[in-house]
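Okay, so here's the structure we're looking at.
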Amino acid sequence: MSDTFDLRVELPAALTGPGGAWRFVERFAARLCAPIGPDDGFPEAELAAAELRLGLRLPQAMRELYARFGRRHDLLHGTRSLLPPEELEVAGAALIWQVEKFWLYQIAVPLDRIAEADPPVLIDGSSQAYDDWEPFAERFSVMCVETVVSENSLCGDWGGWRRERLASDAAYLEQSLTRIPPLLSPYGRDDADRWYAGADVLVHEDRSDDRSELGWLYVRALTREALDNVRRALPGPWTETVDH
């Protein structure tokens, strides 16, 4: 793969499986001048202790995430936080591994799919936002890619912004950016989520909110220049969404 980091190329490759996802995380971190180091993961002893306490074997993709990058707070902790091995928790039919700090919803793997190497991911029903455990991502490794892109603190204050979607946005999104496969697949939201990438920018078009006539645009940029370019092309009342 080229040394040039381009989200239009990197993200589709990252969604092919755990190997692609981990290559993306490594290249993403290096692109932002924070390369992955040998001490960035949890040691095997801590993962084994968590499995003994829980009475189950962690899915292979989950083990690999924790062993490679689990201690990288700057990559994996934003509004959602990766639980350390000693805080992994079984609740009902799910193994919880992420918690959101505002709505307090949880991200989990279903126990009936726990033996799969790269199982699907659920979002919980103990918050104000969701009524029950619901599908959220088709594979654990895809959820990890979404987490790194959306929750990292390396992008600074140009990282995350949003505004209400306008009908006129479609021309720029379709003509100037590249549509990519969805990073998340929430239950009951077929075609409500579209994702677009530029070399240094990711735009999520979310049309699932009934309170907004046309939905929302969420932008994640790797550089201030990339963010400014999107905001010039799509003017309006943008507000910052990232809180680290």
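The values are calculated or read from the model by the stated rules, or taken from the named source; none is laboratory data. A quick note: this is a predicted structure, and the numbers were derived from the prediction, not measured. Quick reminder, even Gly has a Cβ in these numbers, built from the backbone with ideal geometry, and neighbours come from all protein chains shown. SASA here: full protein model, heavy atoms, side chains in, ligands and nucleic acids out. Shrake-Rupley method; radii C 1.70, N 1.55, O 1.52, S 1.80 Å.
Remark: the Glu134-Ala45 segment gains 28.8 nm on full extension, using 0.36 nm per residue and subtracting the alpha carbon distance. Compared with the dominant Cα axis of the chain, that is its longest principal axis, helix 140-151 is turned about 50°. Here, the chain yields an orientationally averaged convex hull projection of 12.8 nm² when only Cα atoms define the hull. Relative contact order for the chain: what percent, with Cα pairs under 8 Å and sequence separation of 6 or more? Over the chain, the number comes to 18 percent.
Comparing Trp216, Ala170, Gly55 along the charge dipole axis of the chain, the residue lying farthest to the positive side is Ala170, per the Cβ-charge model. Past the 19 angstrom mark, what percentage of all C-alpha to C-alpha distances in region 1-70 do you count? That fraction is 41 percent. Within the assembled protein chains, the solvent-accessible surface assigned to Tyr218 is about 70 Å², based on a 1.4 Å probe.
Enter the Cα centre distance for the pair region 5-26 and region 216-238, rounded to the nearest angstrom. The distance from the Cα centre of region 5-26 to that of region 216-238 comes to 23 Å.
Tilt of helix 224-233 relative to the longest C-alpha principal axis of the chain, in degrees (0 to 90, nearest 10)? Orientation of helix 224-233: about 50 degrees from the principal axis.
Helix 18-31 and the longest principal axis of the C-alpha atoms of the chain enclose an angle of approximately 60°.
In terms of overall dimensions, the C-alpha atoms belonging to region 19-137 reach 40, 31, 24 Å along their principal axes, ordered largest to smallest. Placing pseudo-labels 7 Å out from each Cα toward the beta carbon at Gln60 and Thr239 gives an inter-label distance of 4.5 nm. Between the beta carbons of Phe102 and Arg232, assuming R0 = 41 Å, the FRET efficiency works out to 0.85 to the nearest 0.05. In the context of the full set of protein chains, residues of the chain present 47 Å² of accessible surface per residue (probe radius 1.4 Å, heavy atoms only). With the helix formula -39500 (n - 2.57) applied to DSSP H stretches of n ≥ 4, the chain reaches a computed 222 nm mean residue ellipticity of -9000 deg cm²/dmol.
Between beta-carbons, use under 12 Å as the cut-off and find the net charge around Glu116, counting Lys and Arg +1, Asp and Glu -1. Please report the intermediate quantities before stating the final value.
On the way: positive: Arg57, Arg113, Arg139; negative: Asp112, Asp118, Glu138.
Result for the neighbourhood of Glu116: 0.
Descending by average beta-carbon neighbour count within 10 Å, the peptides 223-235, 85-97, 12-24 line up as 12-24, 85-97, 223-235, the highest first.
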